[in-house]
Structures are given as structure tokens and as C-alpha cells.
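J.: Got a structure for you, written out below as C-alpha cells; questions coming shortly.
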Amino acid sequence: MAFKQELLKNLILSLRARTADACRFSAMSLQERKRAVKASADVAMATARGGGARWPKAILAAAGTTSSNQSCKVRSSRCRRVVRRCFREKRRGGSAAALAGSAAASSVDVARRLVRKRTMALRKVIPGADAVMDEASLLREAMDYVVHLRAQVDVLRRVSEAVQRSSLLRDSVWPQSALRGKEDSSSMRQ
Amino acid sequence: MSSRRPRSRASGGASRISDEQISDLVAKLQALLPEARLRSSDRVPSARVLQETCSYIRSLHREVDDLSDRLSELLSTSDVSTAQAAIIRSLLM
């Protein structure tokens with residue numbers, strides 16, 4: 001998969017840059033190191049994805065590597081308007097329900113409210129999705145993000161396993177030939 | 001059981017997003033979720049799909065965090081350049 005290879009390349013380059021100064025890397029606290037690796041993984045994923053979706057730009061903006069401050073300001077003011085509108089709707093809906101009393105909310109209204117609630121929750125977990133986005137775009141964005149997140153998990157897992165294997169090779173007392181036999185038998189392509 | 005969304009809620013742009021388009025996208029999203037979370041043979045309400053997507057994304061985030069932690073620990077004892085050949089070999093083979 002071309003995306004995974006691109007992600008891997010970006011990740012390796014980023015990690016090499018961070019660990020090149022071995023003294024500085026090991027001098028970092030555990031938390032700092034974890035954050036650095038996680039940041040490398042996210043930036044690698046966003047860069048590999050490119051411009052086809054909204055979430056990569058949001059990740060890169062958060063990482064401080066883009067200079068699109070202007071668009072951010074515009075987006076955030078639009079966000080405030082949307083949030084205000086949502087709160088107004090909620091308040092109106094709440095008072096109407098209180099006044100209605102005996103009139104039961106139709107199942108359609110309940111379903112609609114639940115979908116809205118779930119949609120808002122979904123916006124929170126996808127980077128950049130809290131901006132004004134219609135339902136269809138949000139769903140497409142969610143699909144795109146899930147697919148690439150899965151790829152990121154897969155690449156990170158393989159990288160960890162490979163680093164672990166190479167340090168075992170280096171530190172082990174077994175002869176190289178026996179280890180190579182073990183490597184070939186284990187399935188690498190999953 | 002999927003909710004019917006009124007047309008007037010289509011925001012931004014002149015294109016009107018139809019109910020069918022939305023439920024088609026929800027079905028596609030449902031197909032992405034792992035089998036354990038949703039029985040894809042049944043018709044699942046949109047709200048449920050959205051909820052499961054949310055929790056799936058959160059669990060993927062947790063996996064990324066755990067793997068990053070593990071990788072950062074490994075890198076403190078090893079270094080990337082010596083592992084690079086092994087990594088690339090195992091991933092591209």
C-alpha cells in the first residue's frame with residue numbers, strides 16, 4: 001500500500017532527525033520522548049495523506065508546521081457562530097418541550113436529536129471536523145480518517161516489532177544463521 | 001429505523017444533500033467498522049453507526065498512543081539507523 005510506505009518513510013526520517021542527537025533524546029523525560037514519537041507518527045500520517053481531506057491539515061496546523069493563520073481565524077469565527085446557533089436551538093427546543101407537557105416528542109424528533117448528538121461527538125474525535133461541515137462531508141471525512149488511522153496503527157506496530165527484532169539480533173548470543181531461519185518462518189506480511 | 005433528516009438542514013453550498021445520499025454514506029461507514037462492533041448483515045440505525053465510529057476512532061487513538069510509547073522505549077536503547085534496514089526489509093518484502 002503506497003500510503004503505508006509513504007507514512008513509513010516520513011516516520012523513519014522524522015524519528016532519525018529526533019534521535020540523531022542521541023544524548024538529547026535520552027536526556028528527554030519519558031513523557032517528552034513519548035510525545036515526540038507520537039508527534040512524529042501523526043505528522044508522518046498527515047504528510048503522507050496530503051490534501052485530499054481536512055484532517056491532515058488540522059494535524060499539521062496543530063503541530064505548528066503550517067502558516068495558514070488567516071484561514072484558522074476565519075474558521076474559528078464561523079465555529080463560534082455555529083456553536084451559538086446550536087445552543088440557541090437547544091434552548092428553544094428545551095422550553096418548547098417543557099411547555100408542550102403532555103405532547104410526546106415524536107420518534108422522529110428523538111432520532112434526529114440522537115443523530116445530532118452522535119454527530120457532534122464524532123466531530124470531536126476527528127481533527128479539523130469541528131469546523132462547519134455538512135453531514136455528508138463529515139461522514140466522508142470519518143471514513144477517510146478511519147482508513148488512514150488503521151494504516152498508521154499497522155505501520156507503528158511493524159516498526160516496533162522490527163526495532164525490537166534488530167536489538168534482539170544485536171544483543172543475542174545465538175548464531176546469526178539460526179536467527180535468520182527463525183525470521184523466515186515467521187509471517188511478516190499480514 | 002434510520003432518522004429522516006429534513007432537507008432544510010443542508011448547510012453551506014447550494015447542493016441539497018438527500019436522505020439517500022446520507023444513508024448510503026452511513027452504510028459505507030458501517031462497512032468499515034470491525035465485525036465485532038456491528039453485525040453488518042443487519043440494518044443498523046445511523047446514530048448507532050456514528051456512535052460505534054466514534055468509539056472505534058478513540059480505540060485506534062489509544063492503540064497509536066500505546067504503540068508510540070512502546071516505540072519510544074525501544075528507541076531509547078536502540079537507534080533508528082541500525083534498525084532501518086531490518087524495518088524496510090520486513091515491511092516491503
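The values are calculated or read from the model by the stated rules, or taken from the named source; none is laboratory data. Predicted, not measured: the structure shown is a model, and the values here were computed from it. Ideal geometry is used to build each Cβ from the backbone, glycine not excepted, and the neighbour counts take in all protein chains shown.
Listed here are the residues, each with its yes/no results for (1) part of a helix (DSSP H, G or I); (2) at pLDDT below 95; (3) not small (Gly, Ala, Ser).
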site	(1), (2), (3)
A:PRO127	no, yes, yes
A:MET133	no, yes, yes
A:VAL146	yes, no, yes
A:LEU156	yes, yes, yes
A:SER166	yes, yes, no
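J.: Moving to a separate point now. Within region A:12-41, restricting attention to residues that are modelled with pLDDT of 90 or more and buried (at least 21 other Cβ atoms within 10 Å of the Cβ), which residue is nearest to the other protein chains (Cβ to nearest Cβ)?
T.: Restricting to residues being modelled with pLDDT of 90 or more and buried (at least 21 other Cβ atoms within 10 Å of the Cβ), the top hit is A:VAL37.
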